[in-house]
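The values are calculated or read from the model by the stated rules, or taken from the named source; none is laboratory data. Here the structure is a predicted model, which means the values were calculated and not measured. Note: ideal-geometry Cβ built from the backbone for every residue, glycine included; neighbour counts use all protein chains shown. Surface areas here come from the heavy atoms of the whole protein model, side chains and all, with no ligands, DNA or RNA. Shrake-Rupley method; radii C 1.70, N 1.55, O 1.52, S 1.80 Å.
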Amino acid sequence: MRQTLRVAAYAVVVRNEQILLARSPADGGGHEWVLPGGGMEHGEDPYDTVRRELMEETGYRIDVTGLLGIDSSRRTFTHRGRRPEDHQGLRLVYEGLVTGGELRPETNGSTDLAAWHDLGAVAELRKVSMVDIGLELWLERPMTGRVAKSGG
């Protein structure tokens with residue numbers, strides 16, 4: 001079985017009781033909301049990754065104000081005609097503060113819209129689990145830098 005590791009960096013950006021999210025195509029159709037961020041390029045520092053990705057996906061420049069935590073996931077992917085893949089994702093979650101730029105959608109990228117959402121309405125959004133993990137890290141600020149996952 002082939003083994004892969006992907007490292008990514010995301011930002012939780014909250015202001016005026018709203019969180020900044022990006023919208024991405026969902027498996028099976030439609031869209032879902034995600035934390036702004038994404039994969040590190042080879043040789044790139046994760047601090048630079050989160051700032052670059054946030055600018056690409058939202059149009060905002062940010063200062064990174066803290067490391068909230070790390071999330072790790074592991075899944076097996078089976079692709080038709082290829083060996084199964086044992087994939088681990090390591091996701092660094094930072095807190096960010098908008099320092100410039102203007103809100104705009106990403107062009108020709110992995111997301112198509114960026115928007116501010118009321119914190120109280122996030123539970124009702126169609127979203128990936130990283131949104132909840134990031135918010136929990138932001139709210140709880142656990143000393144371990146990780147939150148308990150349901151079912152595991």
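A few notes on this one:
- For the chain, diffusion coefficient by Stokes-Einstein and Kirkwood Rh (Cα), 20 °C, 1.002 mPa s, µm²/s: 133
- Segment LEU90-GLU41, length gained on full extension (0.36 nm per residue, minus Cα span): 16.3 nm
- GluC sites (Glu not before Pro), loop per DSSP, at most 13 other Cβ atoms within 10 Å - longest free stretch of the chain: 45-101
- Neighbour-limited loop hits for trypsin sites (Lys or Arg not before Pro), segment 27-113 (at most 10 other Cβ within 10 Å; DSSP other than H, G, I, E, B): ARG80, ARG82
- Listed residues ALA123, ALA11, ALA22, most fluctuating in the chain (Gaussian network, C-alpha, under 10 Å): ALA123
- Linear extension gain, ARG146 paired with THR107, 0.36 nm per residue minus alpha-carbon span: 10.8 nm
- Between amide H atoms placed 1.01 Å from N, distances below 5 Å from GLY69 occur with VAL93, all of them 5 or more places distant or on a separate chain.
- 0 to 90° range, to nearest 10: angle between helix 46-58 axis and the chain longest Cα axis: 70
- Given charges at Cβ of Lys, Arg, Asp, Glu: segment 78-152 dipole, positive-most of TYR94, ALA121, HIS79: HIS79
- Most to least accessible of THR65, THR58, THR144, THR4 (protein chains only, probe 1.4 Å): THR144, THR65, THR4, THR58
- Accessible area of MET1 (1.4 Å probe, protein heavy atoms only, ligands and nucleic acids ignored): about 130 Å².
- Length released on extending from PHE77 to THR4, taking residue separation times 0.36 nm less the Cα-Cα span: 25.2 nm
- The chain - mean residue ellipticity at 222 nm from DSSP helices (-39,500 (n - 2.57) per run, n ≥ 4, rounded to 500): -5000 deg cm²/dmol
- Solvent-accessible surface of segment 1-67, averaged per residue with a 1.4 angstrom probe and all protein chains in place: 51 square angstrom.
- With all protein chains in place and a 1.4 Å probe, the accessible surface of the chain carries 47 percent carbon and sulfur.
- Take every DSSP beta bridge whose two residues both sit in the chain; close to 70 percent of them are antiparallel.
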